[in-house]
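The values are calculated or read from the model by the stated rules, or taken from the named source; none is laboratory data. Since the model is a prediction, treat every value here as computed from it, not as a measurement. For neighbour counting, all protein chains shown are included, and Cβ atoms are generated from backbone atoms with ideal geometry for every residue, glycine included.
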Amino acid sequence: MSTTTELAQAALATLSLRPVEEQDKKQEEPYRYAHLLPHFSQDHYPPLTPFDHVDPGQRALSHANPRSFLDSASVVELTPNLGSEVRGVNLAELNADARDQLALEVARRGLVVFKDQQDFIDRGPEFYKTWGSYFGRLHIHPTSGHPEGYPEFHLVYRDANSTFNFEIDDSITTTVWHSDVSYELQPPGLTTFFLLSQPTTGGDTLFTSQVSTLKKLSPQFVAFLRTLKAVHSGVEQADFSRTGRRGGIVRREPVENVHPVVRRHPVTGEEALYVNRQFTRRIVGLKREESGSFLYPKSAPRSQLKTVSENILKFLYDHIDKSADNQARVKWQPNTVVLWDNRITAHSAIVDYKNSGERRHGARITPQAERPIGSEGLDLTS
């Protein structure tokens with residue numbers, strides 16, 4: 001055997017061993033974000049109480065240049081109607097004026113993706129609390145895991161052996177559009193989310209502009225929707241945890257609240273569709289007899305008749321699902337921080353990485369905002 005052949009074989013052997021050695025080393029290393037793994041405390045909380053919310057974006061409207069915090073940044077629009085990607089801004093170093101401008105930018109674009117944010121991510125939970133509290137009262141999730149000692153942060157987590165997410169297993173798709181905890185009386189506004197660990201591929205997040213989905217509808221139908229309100233419920237999510245899944249904890253009794261089907265943003269004034277498959281249950285005020293029987297033969301069994309409420313919601317859900325021209329997809333890379341406005345966007349995780357066995361670990365900072373604002377004169381008391 002020639003020396004060249006021997007060297008080649010030795011090199012191949014080294015290459016074949018290297019991945020195993022690197023994998024062993026990786027397994028031996030402690031997980032960098034172990035202090036942020038899901039913890040399920042036994043604490044119980046009373047019902048949330050109303051509070052006055054002042055949106056920081058309102059202050060930015062009076063700034064001479066409401067986008068000056070982006071002056072030195074690279075900004076690429078993900079789609080014409082939704083989403084921007086930003087490089088060259090360190091979120092952790094923004095002062096109060098810049099945070100006001102950030103809130104306004106997120107309200108206008110719906111979704112802003114910031115790259116190269118390791119400084120922000122590594123500052124830890126005390127910093128996260130300060131950051132989130134600037135934009136509103138921090139929400140404590142009633143059922144999800146949180147870092148030990150920090151119930152203010154909602155965690156998503158799945159690895160090869162466990163999942164602590166609100167996931168539906170008996171569906172042909174993992175796509176479930178929602179606006180976070182829309183069942184609360186004062187649901188979230190500006191929301192911050194980042195991954196601490198992500199699979200090699202997959203685990204993307206889809207976003208859709210609820211401003212754009214509304215604009216696609218006919219003016220006559222939008223005028224009708226403005227007169228409607230719907231029940232948003234946290235009961236199913238709580239029942240999911242009561243079965244022992246997702247940590248098996250319900251820290252605050254679930255609530256149902258009535259919100260307008262079309263809500264208005266307090267800063268931009270834009271209207272947005274405000275229903276979602278995960279938490280919206282029914283439209284209020286439509287009588288039982290107002291059924292959709294006109295969609296079926298008169299001989300159809302009563303069990304096949306759907307109420308007007310169900311038909312309207314199904315139409316709107318299908319519209320949200322299928323409107324790819326209103327959507328943007330975030331492909332996660334290390335040190336990415338995403339901000340969106342829950343009042344005017346909906347989103348869905350994509351759980352397409354199950355078979356890889358890789359960890360996906362994310363943290364959400366969720367400030368609450370105002371009670372959703374509907375059309376003038378719309379009664380939201382019931």
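Name the strands (runs of 3 or more DSSP E) wholly inside segment 207-285 in which the number of residues that are within 30 Å of D43 (Cβ to Cβ) and small (G, A, S) is 1 or more. Talk me through it step by step, then tell me what you get.
Working: elements: 229-233, 256-260, 262-264, 271-273, 280-283.
Hits in segment 207-285: 229-233.
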Unmet requirement for K354, which otherwise passes all of (1) at pLDDT below 95; (2) in contact with a Gly (Cβ under 6 Å, 6 or more places away or on another chain): (2)
Out of the residues in segment 213-254 that are of a type in the set (D, E, K, R) and more than 28 Å from K322 (Cβ to Cβ), which is modelled with the lowest pLDDT? R246
Is one or more of the residues making up segment 51-64 modelled with pLDDT of 95 or more, surrounded by fewer than 10 Cβ atoms within 10 Å (Cβ to Cβ) and under 20 Å from P367 (Cβ atoms)? yes
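Taking segment 222-234 on its own, how many of its residues are closer than 15 Å to V181 by Cα and over 19 Å from the mean Cα position of the chain (by Cα)? Even if it seems obvious, please write down each step before you answer.
Applying the first criterion (closer than 15 Å to V181 by Cα) to segment 222-234 yields 230-234.
Narrowing the set further to residues that are over 19 Å from the mean Cα position of the chain (by Cα) leaves 230-231.
Of the residues in that region, 2 qualify.
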Residue in segment 141-148 that is modelled with pLDDT under 95, under 23 Å from V338 (Cα atoms) and surrounded by fewer than 18 Cβ atoms within 10 Å (Cβ to Cβ) present: no
Could you check segment 226-248 and list, in sequence order, the residues that are hydrophobic (A, V, I, L, M, F, W, C) and surrounded by fewer than 22 Cβ atoms within 10 Å (Cβ to Cβ)? L228, V231, V235, A238, F240
Do any residues in segment 160-182 that are of a type outside the set (V, I, T) and modelled with pLDDT under 85 have Cβ atoms under 6 Å from those of residues that are surrounded by 14 or more Cβ atoms within 10 Å (Cβ to Cβ) and assigned to a loop (DSSP other than H, G, I, E, B), where the two are at least six apart or on different chains, and which pairs are they? F164/P38; F164/G145
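In this structure, does F69 turn out to be hydrophobic (A, V, I, L, M, F, W, C) and at pLDDT below 95? Walk me through it before giving the result.
Details: hydrophobic (A, V, I, L, M, F, W, C): yes; at pLDDT below 95: no.
No.
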Can you find a residue in segment 85-100 that is buried (at least 17 other Cβ atoms within 10 Å of the Cβ), in contact with a helix residue (DSSP H, G or I) (Cβ under 6 Å, 6 or more places away or on another chain) and within 21 Å of Q198 (Cβ to Cβ)? yes
From the options Q42, Q9, Q23, residue that is polar (S, T, N, Q), assigned to a helix (DSSP H, G or I), modelled with pLDDT under 95 and under 30 Å from R360 (Cβ atoms): Q23
